[in-house]
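Engineer: Can you read through this structure? Questions will come right after.
The values are calculated or read from the model by the stated rules, or taken from the named source; none is laboratory data. Note that the coordinates shown come from a computational prediction; the quantities given were computed from them, not determined experimentally. All Cβ positions, glycine included, derive from the backbone under ideal geometry; neighbour counts span all protein chains shown.
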Amino acid sequence: MSPNDPAGPAAPQVKALNCPSCGAALTLRSFGNAVSLVCSSCHSVLDATDPDLKVLQKFKAAEDEDSPLIPLGTRGSLRGTDYEVIGFQRRTIEVEGIHYSWHEYVLFNPAKGFRYLTEYDGHWNLFSILRSLPEDDSGASTVTYLGEVYRHFQTADATTTFVLGEFPWRVRMGESVTVSDYVSSPRVISKEGTGKEVTWSMGEYVTCGDLWKSFNLTNEPPVPVGVYENQPSPLSASVKSIWAMVGMFLIASLLLLVIVYVTARSESVFEQTYSFDAASHDEASFVTPVFALHGHTSDVELTTIASLNNSWIYVNYALINQDTGRAYDFGREVSYYSGRDSDGEWTEGSNTNIVTIPSIPPGNYYLRIEPESDPALGVILYTVSVKRDIPQLIFFGFGILAILIPALFITWRAMNFEHLRWAESDYGTPPDDGSLIGTLENLASNFKSSNSGDDE
Amino acid sequence: MSQPTANCPNCGAPIAFRWSGSVQTVCTFCKSLLIRTDLDLEMVGKVADLPAAASPVQLGTEGAFAGRSFVVIGRILYEYDQGNWNEWHLMMNDGVSGWLSDAQLEYCITFAAKPEKLPSECRRGQQYTWQGQTYTVSSITKAHYRGVEGELPFQTWDRKDVIFVDLMSPSGKFATIDYSEDPPLLFLGHAVEFEDLKLKNLRSFEGWS
């Protein structure tokens, strides 16, 4: 028998029927795969496997009690397959006296079968029934599916509180089933039922925008509220990559540091000891002999060492380029005091002062030096030495800080996201799952609890 | 492979068998249920019309599974309290008989496994290991024969109710224990995706390409 055989059966058609209860026109869109059909006019639940559409249940509802955001009969392309919305139900759970409801859309393709879209507070998931059994990890609140660990999020009894269209199972208003969700963002595994029949299904988070495009919808999509159980964190990828960057930056810095230390010449280019008598009325300023600064533009370190005790010297320096006349002016004070009081020995200050002058081009330089001090202090001996090309650690410090601050900020934001996600779970806080965020979370909560312990 | 041809003892229409192991077929013209005996065909009854097809598969559909091609030569429609499902009888290109089940468009391919010691009764959640794979009982279904068409490897005309135990595994491998015979039969196979079967000669659905 070939499909073109004229004697063969005609292609199945969408069936037009009438509700046996109110006579309203009904459509069966799933070619005999439907088990239940709900009349949208009189809210009768009908047996779709019965040619007479036996009425199984009637329920009260306003005609527009709950209209699907994606109307029945709408078709869209999801992951390359066309699906038509054929059924819609609302399910409600009660947690601590508060009712929470979500919507489920039954999607149908005549060859690929059924898929389900769920919507809660503007968060959407595309579900399919699992054909392999997830492994319950006894003792742990996780299941493993295809090598991936899913963490238990919530278990609740879900009651069907509104139905519309057709379903490939016997749907009943008021029927309750235990639903457990296990998450591994962006996926979630749902376990429905207990005892006789357990169905496992897997959902994957879909954004409103993608969905509205898939179904060519023109109405306003709902705005997602809060963080949903399996909503992908916009930051978890950034956290990993930024810490990878921090790590690489640290390694690179370390390498660079080693290279700088190995290649830096730290060349001593000038050193001379002078004596200064502040009581003398001679001109204090003088110039040093010319010394050469070699190599590329780099820093110069000038050290002033004075043999002092309970005295001070202030030296005005100018580092002058003999070739261009450019001068770098700066002043340094060296002071050292010591004594003894009721607390014992004390000292203040130091005999040594070091200053770094950055970005000095190569060339021939000399120093103009003009010391000052208290004329009462007598003769002070001081040594001036100049070193060229000193490696500077501070810049590495700045660099590390520059990358560490955004890294910490992003990590904090990611932790916040996980906090909001798990706040809605049965546990209230994120699990310690060994991941970076989980570990940090745990550290933070331990820190908090140990702190509050101190307060008591 | 031989394709013995005979005539329907009821209406005289030619009856061809595509598979040498077939025991039963249905005359496509007069819907007589025919049993193949050593010599001849025996009419044992008439089959009721099947409900409007819900499956894209039909007699003559071709496909492939695990490197072997197959053609659909028969069908059993089972009914249970949550709906119905099809078991399509396959003739593999190496002469083995197999089954393609279509339960609300969820597909599974199974083959009769060599006899194992099977439980006379089981409960959901019980585990069994066959051929190195552990299976967990996922559902126990009491069904009845709603209808048949085409060639089948056993007689169904005298059967009414049957218990099926379905077992799932973490790897997608699938098992069914069929309690219609004593000792029960074990079928082992795999859950499959529609597109992986590369099916041809499918039924077309109005409004769907």
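Engineer: Tell me, which strands (runs of 3 or more DSSP E) lie completely within the range B:74-185 with 2 or more residues that are farther than 18 Å from B:Q58 by Cα?
Structural biologist: Answer list for the range B:74-185: B:106-112, B:127-130, B:133-150, B:161-168, B:173-178.
Engineer: Among (1) at positive phi; (2) more than 12 Å from chain A (Cβ to nearest Cβ); (3) in contact with a Pro (Cβ under 7 Å, 6 or more places away or on another chain); (4) of a type outside the set (A, V, I, L, M), there is one condition B:Q104 misses while meeting the rest; what is its number?
Structural biologist: The number of the failed condition is (2).
Engineer: Of A:A140, A:A111, which residue is within 14 Å of chain B (Cβ to nearest Cβ) and without any contact (Cβ under 8 Å) to a residue 24 or more places away in the chain?
Structural biologist: Among A:A140, A:A111, only A:A111 is within 14 Å of chain B (Cβ to nearest Cβ) and without any contact (Cβ under 8 Å) to a residue 24 or more places away in the chain.
Engineer: I would also like to ask the following. Can you spot a residue in the range A:352-365 that is touching a residue at least 60 places away in the same chain (Cβ under 8 Å) and buried (at least 17 other Cβ atoms within 10 Å of the Cβ)?
Structural biologist: yes
Engineer: I'd like the residue in the range A:153-170 that is within 14 Å of chain B (Cβ to nearest Cβ) and crowded, with 24+ Cβ neighbours inside 10 Å and, out of all such residues, is farthest from A:E65 (Cα to Cα).
Structural biologist: A:P168
Engineer: Considering each residue of the range A:22-42, count those that are in a loop (DSSP other than H, G, I, E, B), free of Cβ contacts under 8 Å to residues at least 60 places away in the same chain and either outside the structural domain of A:Y116 (by TED's automatic domain parsing) or surrounded by 22 or more Cβ atoms within 10 Å (Cβ to Cβ) (or both), and give that number.
Structural biologist: Residues flagged as in a loop (DSSP other than H, G, I, E, B), free of Cβ contacts under 8 Å to residues at least 60 places away in the same chain and either outside the structural domain of A:Y116 (by TED's automatic domain parsing) or surrounded by 22 or more Cβ atoms within 10 Å (Cβ to Cβ) (or both) within the range A:22-42 amount to 1.
Engineer: Return yes when A:T273 is exposed (fewer than 14 other Cβ atoms within 10 Å of the Cβ), at pLDDT 90 or above, of a type outside the set (A, V, I, L, M) and touching a Leu at 6+ places or on another chain (Cβ under 8 Å) and no when it is not.
Structural biologist: Yes, satisfied.
Engineer: Related question: Can you confirm whether B:W99 is of a type outside the set (S, T, N, Q) and either more than 29 Å from A:V35 (Cα to Cα) or without any contact (Cβ under 8 Å) to a residue 60 or more places away in the chain (or both)?
Structural biologist: no
Engineer: Scan A:E94, A:E84, A:E104 and give me the residue that is away from chain B (no Cβ under 14 Å) and either touching a Gly at 6+ places or on another chain (Cβ under 9 Å) or among the hydroxyl-bearing types (S, T, Y) (or both).
Structural biologist: A:E104
Engineer: Considering (1) modelled with pLDDT of 90 or more; (2) farther than 16 Å from B:G21 by Cβ; (3) within 13 Å of chain A (Cβ to nearest Cβ), say which one B:I73 fails and leave the rest.
Structural biologist: Against the list (1) modelled with pLDDT of 90 or more; (2) farther than 16 Å from B:G21 by Cβ; (3) within 13 Å of chain A (Cβ to nearest Cβ), B:I73 comes up short only on (2).
Engineer: While we're on this one: Quick one: A:L53 ticks every box in (1) within 13 Å of chain B (Cβ to nearest Cβ); (2) buried (at least 16 other Cβ atoms within 10 Å of the Cβ); (3) at pLDDT 85 or above except a single one, so which number is it?
Structural biologist: For A:L53, the exception is condition (1).
Engineer: Go through the residues of the range A:143-152 one by one and say whether even a single one is away from chain B (no Cβ under 14 Å), crowded, with 16+ Cβ neighbours inside 10 Å and of a type in the set (V, I, T).
Structural biologist: Within the range A:143-152, not a single residue is away from chain B (no Cβ under 14 Å), crowded, with 16+ Cβ neighbours inside 10 Å and of a type in the set (V, I, T).
Engineer: Could you identify the single residue in A:V188, A:V177 that is buried (at least 18 other Cβ atoms within 10 Å of the Cβ) and either of a type outside the set (A, V, I, L, M) or assigned to a strand (DSSP E or B) (or both)?
Structural biologist: A:V188 is the lone residue from the list that is buried (at least 18 other Cβ atoms within 10 Å of the Cβ) and either of a type outside the set (A, V, I, L, M) or assigned to a strand (DSSP E or B) (or both).
Engineer: Those residues that are touching a residue at least 60 places away in the same chain (Cβ under 8 Å), within 11 Å of chain A (Cβ to nearest Cβ) and buried (at least 16 other Cβ atoms within 10 Å of the Cβ), I need them from the range B:170-209; list them, please.
Structural biologist: Residues satisfying the conditions are B:F174, B:H190, B:A191, B:V192, B:F194, B:L197, B:L199, B:N201, B:L202, B:R203, B:F205.
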